[in-house]
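Read through the structure below, which is laid out as structure tokens, and then see the notes.
Derivation of every value follows stated rules applied to the coordinates shown; laboratory data play no part. Please read all numbers here as calculations on a predicted model, not as lab measurements. With ideal geometry, Cβ positions are generated from the backbone for all residues, glycine too; neighbour counts draw on all protein chains shown.
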């Protein structure tokens, strides 16, 4: 369903207006399902920002550990 949103957005952008709705691309879903998909899309930027923050914390911990460089190069068989 999320792909249908992106496809509709792309088609509408290239067409210069509201030409197609995502539910026309992928029929067979309820209004509640489309609403949930729209809500998921609206949360995506904050989820990405949160994930980036988590990755930054881990990166800082790795950089702060003087043994990490040696440990990361070790191979475990």
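Worth pointing out:
- Between residue 24 and residue 67, residue separation times 0.36 nm minus the direct Cα-Cα distance comes to 9.9 nm.
- Label zone (residue 1, point 7 Å along Cα-to-C-beta; backbone nitrogen cut-off 16 Å) within the stretch 12-33: 21-33.
- FRET efficiency, residue 41 to residue 15 (Cβ-Cβ, R0 22 Å, nearest 0.05): 0.65
- Fewest-first sequence of 29, 67 by Cβ atoms within 10 Å of each Cβ: 67, 29
- Contact order relative to length of the chain, as percent, for alpha carbon pairs under 8 angstrom and 6 or more apart: 23
- Within the chain, the ratio Rg/Rh, alpha carbon atoms throughout and Rh by Kirkwood, equals 1.31.
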